[in-house]
Amino acid sequence: MTLRSSPLSAALLSAGAISLSVALPAHAQTAPPASATAMPSTTADPSNASQKKPSATPATAASSHDEGALPTVQVNGAADKDAFAADTSTVGAKVPTALRDIPQQVTVINRSLLESQGATSFSDALRNAPGVTIGAAEGGTIGNNVNLRGFTARTDIYLDGFRDRGQYYRDTFDLESIEVLYGPSSMLFGRGSTGGVINQVSKQAQLTPVSEVSATIGSNDRYRTTVDLDRPLSDTSAFRINAFGQSMGSTRDIEKMKDFGFAPEISFGIGTPTEVTLSALIQHNDDQPDYGVQSINGHPADVDKGTFYGQTTDRTIQDTEIVSGRITHRFNDNVTLRDQLQYSHYTVDARETAPQSVLTGPLASSPALSNGNYTNLPLSDLYIKLQSHDRVITDSSLYNTTDLLTKFDTGGIKHDVVTGIEIGHDNYTNQSYTRSNLPIVSLVDPQITAWDPATSPEVAGNYANAGANSIGIYANDTVSLGEHWKVVGGLRWDRYQAEISNTVSAPGYAAQTNDFTSVRGGIIWQPTDTQSYYASYGTSFDPSLETLTVTSGTQNLAPEKNRSYEVGAKWDLLGGNLSVTSSLFQIEQTNSRTETDTGVYELTGDIRVNGFQTGIAGNLTDKWKVYGGYTYLDALVVSASDGTQGHTPANTPRNTLTLWSTYEPLSHWEVGGGLTYLSSRYAANTNYVSVGGYTRWDATLAYRRPKYDIRVNLLNLTNKYYYDALIPSDGGRAVPGIGRTVLVTGTYRF
C-alpha cells in the first residue's frame, strides 16, 4: 500500500532519519548499518521505494497521518531492489513526493529496468517513456534531442533538479533513475517545459558499502565496462564513485563511439540535522555523427540499412564537466532549509558531414529535387550532395537554488509549503566552419572517403556569442483537507534577460528581457490508500532566445505561452505491488511563432495536442515483473501562416507503446522481453516526408547470484529495419535504428 504522507512531511522525516538530502529520490538512499548510527528504526524514510511494498500495511499507512507520530516501516531493500515500480519522485514538487500526491502524469525509469534491458544510453532509456520521441543532430544543435508530447524538450533536460542544457550524449552509468514529468511546468522549472521535463537522478553516496564491476561484450564490436564503488568514511559520511568506458560499433557503416566518464560524490552529516554533499560529473565522448538518409517520394530512401553518408574523418568530440554542491539543514521537524549550487561547462568540437539535397545527376550543377523529393527516376540514377556541419561550441551555466520547506497547520488544515529563489547565468558560443567542394556520392552506394583539406578547404563562418541571466521566485503549497482531499497550488515569477551577437548571420545583435508569471493548480481525491484521482492546470513560457540561438525575425517577439489541462487516476493494486496510471490531457501553445512573410514572424500560430496516457509498473506475482506505457496523441497545427495549418507537428506519432516484462521460471534464472511501438511520423511540420511506424522486439536471459550476474540481451530481435531519430531540415531526413544486436554482460559484486 502507498504511505499516505504529504510531499514535505516525507522529506522532513527523511531529514531526521536516514538522509537529509530531501532533493534526492528516496529509492537512491539506503539505510545505514545498525552499527553506524543510533537512529531509531522507526525513523526510516517513509518515501523510500524499497520500504513501501513489502512492509506498509493499511494500518501503518493510515498512521502516518497521526499527529506527532512517525510511521513504523520495516526496511527491506533486498526484497525490492529489482522492482520496476517507483513510489516517489522529486520531479513533481522539488522534494521527494509520493507519486499519488503529484497531480500530473509521471514516469519513473529506475535502475533495475535499465539493467534488465541493457539500456546504457539516455536515448535507449527514454524508450520506456511513452510520448517521447528522438530527434537527431540539427543545425547548431548536437547531443540528445527529444520531443515530449509533440514539443521539443532539448533544454528541458535536468540533472538532480538543475537544468542540464549542454549538447552532449548522456549516459546512464551514474543514474539511479530518470523521471519524466508530463505537461507545462514553468512554475517548478522556469522557462521551457512545454511538453514536460526530464530529470536525471544520480546515484548517491550512502552508508551501506557498494562494490560492483560489470563488463559487456556485444556484436558489432561493442565493449563496455562500468564500476560502482561506495565506501562509508565514518558513521555519518560516505564517498561514492561511478565510472565507465566504452568502445561501441554499430550496424551502420563506419559509425563508432569511444566514450568514458566518472562521477565522484562525497557526503558529510548523513542522518544529522546538517548534511553537505559535493559531487561532479566528468564525461568525454568521441563519436561518429550520423545524419541519416534523405527522402525519396515522401519517405526515407529505400537503401541498405548500413548506408552511411559522411566521411571517415567525421567526429563529434564532447567534454562535459559538472560540479555541484548541496547543503541541507533541518531546524526542526517543520522547517528545513536547502541550498544547491551547480556549475557546468560543455565543449563540442564537431566535424560532421551530412546529406543535403538529392540530385538527378553526378554534378554539382545537376538539378535538385525538393518537397519530399518526388521522382520517377530509379534510385541508382540519383545522387547526394554532401554538406558540412562543422562547429566548435562552448556552453557554461552557473545556477543557485535556495528552498525553504515548511510544514504548519491553519485551523486543522495542513500545509506543506516549498518557497524558493533560483538565480542563474548561461553563456554560449558557436564558431561555425564550412568545407567547400565536398564530393557528390551515389544515393545507393556512396563511396566513403576521408576529408581532404587540399581539395575541400575549411573556412570559418559565423561566430555567435550569447548570454543570459535569469531569476525565479516561487512558492508551492500542498494543502491537506481532511483525510481524503489535497489541493496543490503554486505561483512563480521569472525574469529572463538574454542577448546574442553574430559576426555573419542576422541579426548582428539582439537582446530581450522577458517577465512571466507561471501558475500551477491541482486537486486530488484519495478515497482509499490505493486510489488517487486528480485534475490539474499548468502553464509555461518559451522565450525566442531560450536556447541562446535565434531565428532572425523572432528576436523581438514575446515568449510563446503554453497551458495544460489534465485529469487522471493512479491506483495501487495487488496489495500495493502493482501501480497503474491513466490520464486525459490537452496541451496548447496559444501564440506560437509563425512566418507570415520571408523573415517576418508573428505570434499568431496555435498548436494543440489532445491525448491519453496510461502506464503500468510493478509485480504481477513475486516472480513476474512488468513495466509499460501507452500514449495517444492527437496533435494539430491549428493555425499558422507558413502553410502548415492543419498539419501534424514534426516527430509526433499518434500512438506509442512500450512494454517490458521478466519472469523467474527457476531459482536464479530470469527470462524476459518486450516491445517498443511507434506509429508513423512526419519529419517536419511541412508533412512532406513521412516515416512509417514500427515494432521493435527485445529479449533478455539472465543467471543471477548474490555475488554475480550474467545477462544476455538481444536488441531488435527480428532485425527490423526502422527509423529512429528524425531531422526536419533539407526536406526531412531519418536515421535508421540499430539492427539485431547481442550483448553479454557480466557483473561481479565484492
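All of the numbers you see were taken from the coordinates with simple rules; none came from a lab. Note that the structure is a prediction, hence the values are computed from the model and not measured. Positions of Cβ are backbone-derived with ideal geometry, glycine not excepted, and every protein chain shown enters the neighbour counts.
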Q | Against the rule of thumb 2.2 N^0.38 Å, how large the Cα Rg of region 560-650 comes out | A | 1.57
**Q.** Estimated vicinal HN-Hα couplings, Hz - region 89-97 in sequence order (Karplus 6.51, -1.76, 1.60; Gly, Pro = x)
**A.** 8, 8, 7, x, 7, 6, 9, x, 10
**Q.** Whole-Hz ³J(HN,Hα) from phi, Karplus 6.51 cos²θ - 1.76 cosθ + 1.60, for region 351-363, glycine and proline x
**A.** 10, 10, 10, 9, x, 9, 10, 9, 9, 8, x, x, 9
Q: Compute the separation of the alpha-carbon centres of region 431-466 and region 263-322 and state it in Å as a whole number.
A: 23
Q: List, in order, the whole-Hz ³J(HN,Hα) value for each residue of region 473-481 obtained from phi through the Karplus relation with A = 6.51, B = -1.76, C = 1.60 and θ = phi - 60°; use x for Gly and Pro.
A: 10, 8, 8, 9, 10, 9, 9, 9, 9
Q) Rounded, prolate or oblate: which one fits region 192-271, using the alpha carbon gyration tensor with axes a ≥ b ≥ c (rounded when a/c is under 1.5, else prolate when a/b beats b/c, else oblate)? A) oblate
(Q) Within region 576-612, list the residues whose amide N lies under 20 Å from a label point set 7 Å along Cα→Cβ of Gln645. (A) 588-610
Q: Hey, can you grab everything whose amide H is under 5 Å from the amide H of Tyr708? Only 5+ residues off in sequence or another chain; H modelled, so Pro and N-termini drop out.
A: Arg749
Q) Given a cut-off of under 8 Å on Cα pairs at least six residues apart, what relative contact order in percent is computed for the chain? A) 12
Q | Helical contribution to [θ] at 222 nm, DSSP H n ≥ 4, -39,500 (n - 2.57), averaged over the chain, rounded to 500 | A | -1000 deg cm²/dmol
(Q) Just to be sure I follow: if Rg is taken over the C-alpha atoms of the chain and Rh is the Kirkwood radius over the same atoms, what is Rg/Rh? (A) 0.96
Q) Just going by the charge dipole of the chain, with Lys and Arg at +1 and Asp and Glu at -1 on Cβ, which of Thr312, Ala129, Pro273 is farthest out on the positive end? A) Ala129
Q | Packing-based exposure ordering (other Cβ within 10 Å, fewest first) of Asp515, Asp426, Asp319 | A | Asp515, Asp319, Asp426
Q.
I need Leu578, Leu678, Leu278 ordered by Cβ neighbour count within 10 Å, fewest first.
A. Leu278, Leu578, Leu678
Q) Going by how many other Cβ atoms sit within 10 Å of their own, how do Thr172, Thr133 line up, fewest first? A) Thr172, Thr133
Q.
Can you give the local net charge around Leu229? Use residues other than it whose beta-carbon is closer than 9 angstrom to its beta-carbon, Lys and Arg +1, Asp and Glu -1.
A. -1
Q: Have a look at region 91-193 and give its Rg and Dmax from the Cα atoms, expressed in angstrom.
A: 13.4, 41
Q) Dipole of the chain, Cα-centred, from +1 at each Lys and Arg C-beta and -1 at each Asp and Glu C-beta, to the nearest 20 debye? A) 1120
(Q) For a 32 Å ceiling on Cα separation, which of these pairs sit above it: Lys94/Lys570; Lys570/Lys707; Lys258/Lys625; Lys94/Lys305; Lys414/Lys570; Lys203/Lys561? (A) Lys570/Lys707; Lys258/Lys625; Lys94/Lys305; Lys203/Lys561
Q. Leu386's amide H: which non-local residues (gap 5+, or another chain) put their own amide H closer than 5 Å, with H modeled 1.01 Å from N in plane and none for Pro or chain starts?
A. Gln356, Val441
(Q) 7 Å from Cα along Cα→Cβ at both Thr402 and Val600: what's the point-to-point distance in nm? (A) 4.9
(Q) Quick query: amide H of Glu176 versus all other amide H atoms, modeled in the peptide plane; which residues come in under 5 Å with a sequence gap of 5 or more or a different chain? (A) Val201, Ser202, Lys203
Q. What residues of region 430-458 lie in the reach of a label at Ser380, counting those whose backbone N is under 16 Å from a point 7 Å from the Cα along Cα→Cβ?
A. 442-446
